[in-house]
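Here is the structure we will look at, set down as structure tokens.
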Amino acid sequence: MDLGLAGKYALITGGTHGIGRATALALAGEGCHVAICSRTLERIDTTLGLLQETGVETLGIQADVMEKADLDAVCREIIRKWATIHILINNVGGGGRWGSEVVEETDERVWMEVYEKNVLTAIRLTRWAIPYMRAQQWGRVINITSIFGREGGGRPWFSMAKTAQTAMMKSLAMKHYLSSENITFNSIAPGAIMIPNTGWEKEAQEKPDVIEKLLKQEFPLERFGTPEEVANVIAFVCSEKASLLNGVSIAVDGSQSKSMI
């Protein structure tokens, strides 16, 4: 299926690992030019090598997007090289394992840092991207959220941040002046995804019996998802084929979550 993405320019934050890297590769496979940013130079170089095999233009920028100066530098470099942006994937996030299960033992700093990492970064980049999308009368903004941005559960600072990201996309999608210019705003809400060097992998190695029992009891597919399965959905939502999708939150979780919407 031709998704109509050839020649578009995309930025994926945290694009060197997990869902971000899988998304970068999925978009590049559709002929989309891809910029990635990450704190880790080694990961940038490795991912750029994979992306360049597809023949698209690539850009890798070392940056900590929680630092506004770094974020501004990413934006400047993309415009310097490409003069515009068509697709923004706000993938940087996390904090679902930060703090303690005992809420009152978790410092206020954790709440604020999780909010900034997930929400403020997405706000800053989205505000930057919108004028370019308006100028070309086309754009896609996608926040990578979580099933806990759609229903109760998870640690509260994480759920609150992901819910805020979801509300942000819905509210922007309802702005007629943006939607009428072919700019859409959507959320992709992954469930438990097995990503190397993350918490699920560590738990699976340390407590295999516990994880096996969890999968059989709580996961209808009896397995974790993969970054590629999430990336395939993201690529479709970015595409011309998904032009009527606007303001939705799509769970990619094998029915792990219990929400009806």
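The values are calculated or read from the model by the stated rules, or taken from the named source; none is laboratory data. In this text the structure is predicted, and so the values were computed from the model without any measurement. For neighbour counting, all protein chains shown are included, and Cβ atoms are generated from backbone atoms with ideal geometry for every residue, glycine included.
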Is the range 198-220 home to any residue that is surrounded by fewer than 20 Cβ atoms within 10 Å (Cβ to Cβ) and either touching a Leu at 6+ places or on another chain (Cβ under 6 Å) or assigned to a strand (DSSP E or B) (or both)? no
If I go through the range 1-19 residue by residue, how many of them are touching a Ser or Thr at 6+ places or on another chain (Cβ under 7 Å), crowded, with 24+ Cβ neighbours inside 10 Å and small (Gly, Ala, Ser)? 2
Mind checking whether some residue in the range 176-186 is surrounded by fewer than 16 Cβ atoms within 10 Å (Cβ to Cβ) and either closer than 14 Å to Val248 by Cα or in contact with an Asp or Glu (Cβ under 6 Å, 6 or more places away or on another chain) (or both)? yes
Which is buried (at least 20 other Cβ atoms within 10 Å of the Cβ), in a helix (DSSP H, G or I) and in contact with a helix residue (DSSP H, G or I) (Cβ under 7 Å, 6 or more places away or on another chain), of Val119, Val110, Val74, Val92? Val119
Kindly indicate which of Ser100, Ser171 is among the polar types (S, T, N, Q) and modelled with pLDDT of 95 or more. Ser171
Give the range 215-237 a look and list any residue that's in contact with a helix residue (DSSP H, G or I) (Cβ under 9 Å, 6 or more places away or on another chain) and over 18 Å from Gly18 (Cβ atoms), or say none. Leu221, Glu222, Phe236
Counting only residues that are more than 30 Å from Glu218 (Cα to Cα) and either in contact with an Asp or Glu (Cβ under 7 Å, 6 or more places away or on another chain) or acidic (Asp, Glu) (or both), how many does the range 123-147 have? 2
Under 6 Å between Cβ atoms, which residue pairs at least 6 apart in sequence (or on different chains) link something in the range 151-170 that is among the polar types (S, T, N, Q) with a partner that is crowded, with 18+ Cβ neighbours inside 10 Å and outside any helix (DSSP H, G or I)? Gln165/Asn143; Gln165/Thr145; Thr166/Thr145; Thr166/Ser187; Thr166/Ser249
Given (1) in a helix (DSSP H, G or I); (2) closer than 18 Å to Thr145 by Cβ; (3) at pLDDT 95 or above, where does Asn246 come up short, assuming only one miss? (1)
Would you check if Val65 is modelled with pLDDT of 95 or more and assigned to a loop (DSSP other than H, G, I, E, B)? no
For Gly99, which of the numbered conditions (1) more than 23 Å from Ala231 (Cα to Cα); (2) in contact with a strand residue (DSSP E or B) (Cβ under 6 Å, 6 or more places away or on another chain); (3) not in a helix (DSSP H, G or I); (4) not basic (Lys, Arg) fails to hold? (2)
Reported set for the range 1-32 where residues are over 18 Å from Asn90 (Cβ atoms) and either of a type outside the set (A, V, I, L, M, F, W, C) or touching a Pro at 6+ places or on another chain (Cβ under 9 Å) (or both) is Asp2, Gly4, Gly7, Gly29, Glu30, Gly31
Check on Ile19, out of contact with any Phe, Trp or Tyr (no Cβ under 9 Å at 6 or more places or on another chain), assigned to a strand (DSSP E or B), under 22 Å from Ala192 (Cα atoms) and of a type outside the set (S, T, N, Q): no
